[in-house]
Structures are given as structure tokens and as C-alpha cells.
Amino acid sequence: MSKETNRRDFIGYSFAAVAAVGGAASLVGMKRAWDPLPSVLSGGFTTIDLTPIKAGTPETFEWRGKPIFVLKKSADMEDSERDLKVGTDRYTVAIGLCTHLGCIPAWKKDKWKCACHGGQFSPSGKQIFGPPPRPFDLPPFTVEGNTIVLGNAGPEFKKIAAYLATQV
Ligand code: FES
């Protein structure tokens, strides 16, 4: 083998090595670009402890940038197929966006009222007045003891979602 050939081989191997390192680096870069951000990963699930929620006044939580209403129903509030039953308690769990054009309704005494165009929702999340075309939407959740975990569709969610599908 001549000296010239050895030199060419060396240059060839060097290019191959640089290309391999560059390729690996760009793969790492692509993976970083495609992977969800850490904030998105941690925002995928939200755990809500139902224990401190007082009956009759809804609490608002956040899940994937959306408000989530959780109302522990008081004894005088209507029963609904939509009720999530945990032990002896009944809850309304809902995405807190008006189903008309997406404003965030506020709880006023015994119902949610939407300031944008006057829509109203009952404690069961049903549209009862104004332009909203359907009940509040249901976020996917699972029930674990006295907590609900938003982000996964468990059996309780599926049962209520099947009921809501008949209400549209
Ligand atoms: S957005 Fe709520 S009534 Fe129009």
C-alpha cells in the first residue's frame, strides 16, 4: 500500500467519523425537538384531592391549560346521571368553558353563569338558559380512592361520557 493510499484512507475514515458524530448529534437534536417539553409532560396529569372540597361551592383546578370545575353537590342539589359518586358523595366534574363560545362561566349562588352572552348551567353542568348548545364537556379522569386523576379515561369517566353522548 502506498503512502498516498494510506493518506486517502485516513481522510476517508476521518470524514466518516465526523459524519457519524454529526449524524448522531442531529438525531439527538431531532429527538429533543420532537419530545414533549418537561412542562407538557408534567402538565399531562392533574391529581385532585376531593377531601377538602366543601359541598355546595365548586372549586376550579387547572388541567392542560383549561379550567376544571369540581362541585361537591349539597343534599338539596338535583341527582343526575352525570354525578360522579365517590363513597356517599356526588360530584360534578366539568371542563369550565362555556360550550357556546368558550368563556369561563362563574358560579353564582346555585348555578354557573356565563358573562359573555348570558348562558347558564345547572349544578349538574347542564345548559339551562341562553345560547350554550350542550352541557359542560367532561375531562378524562380516573378515580383513585378519594382523588381523581385528570388525563386518563377510567371506567367512571366512560360511564358519564356515554350518558353525555345521549344529551347532545
Ligand atoms: S360564550 Fe357563554 S354564552 Fe356565549
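The numbers here are math on the coordinates, done by the rules we state, and not lab data. In this text, all values refer to a predicted model and were calculated from it rather than measured experimentally. FYI the Cβ positions are ideal-geometry reconstructions off the backbone, even for glycines, and counts take in every protein chain you see.
For the stretch 42-165, what's the relative contact order in percent, using C-alpha pairs closer than 8 Å and at least 6 residues apart?
The normalised contact order for the stretch 42-165 reaches 23 percent.
Over all directions, the average projected area of the alpha-carbon convex hull for the stretch 116-157 comes to how many nm²? Display every interim value, and only then the final one.
Details: hull surface 15.5 nm².
Mean shadow area of the hull around the Cα atoms is 3.9 nm².
Just rank PHE61, PHE45, PHE141, fewest to most, by other beta-carbon atoms within 10 angstrom.
Going from least to most buried by this count: PHE45, PHE61, PHE141.
Assuming 0.36 nm per residue, please report the length gained on full extension of the stretch THR88 to LYS54 beyond their Cα-Cα distance.
My answer for the length gained is 10.8 nm.
Using a cut-off of 25 Å between alpha-carbon atoms, which lysines can reach LYS54, once sequence neighbours fewer than 8 places away in the same chain are excluded?
Within reach: LYS66, LYS72, LYS73, LYS85, LYS108, LYS109, LYS111, LYS113, LYS126, LYS159.
Please report, to one decimal in angstroms, the Kirkwood hydrodynamic radius of the stretch 81-153 built from all distinct Cα-Cα pairs. Each step should come with its number before you reach the end.
Values: mean 1/r = 0.0775 Å⁻¹.
The answer is 12.9 Å.
For the stretch 41-134, which GluC sites (Glu not before Pro) pass both filters: DSSP loop (anything but H, G, I, E, B) and at most 14 other C-beta atoms within 10 Å?
When the GluC sites (Glu not before Pro) of the stretch 41-134 are filtered for loop state and at most 14 Cβ neighbours within 10 Å, GLU78, GLU81 remain.
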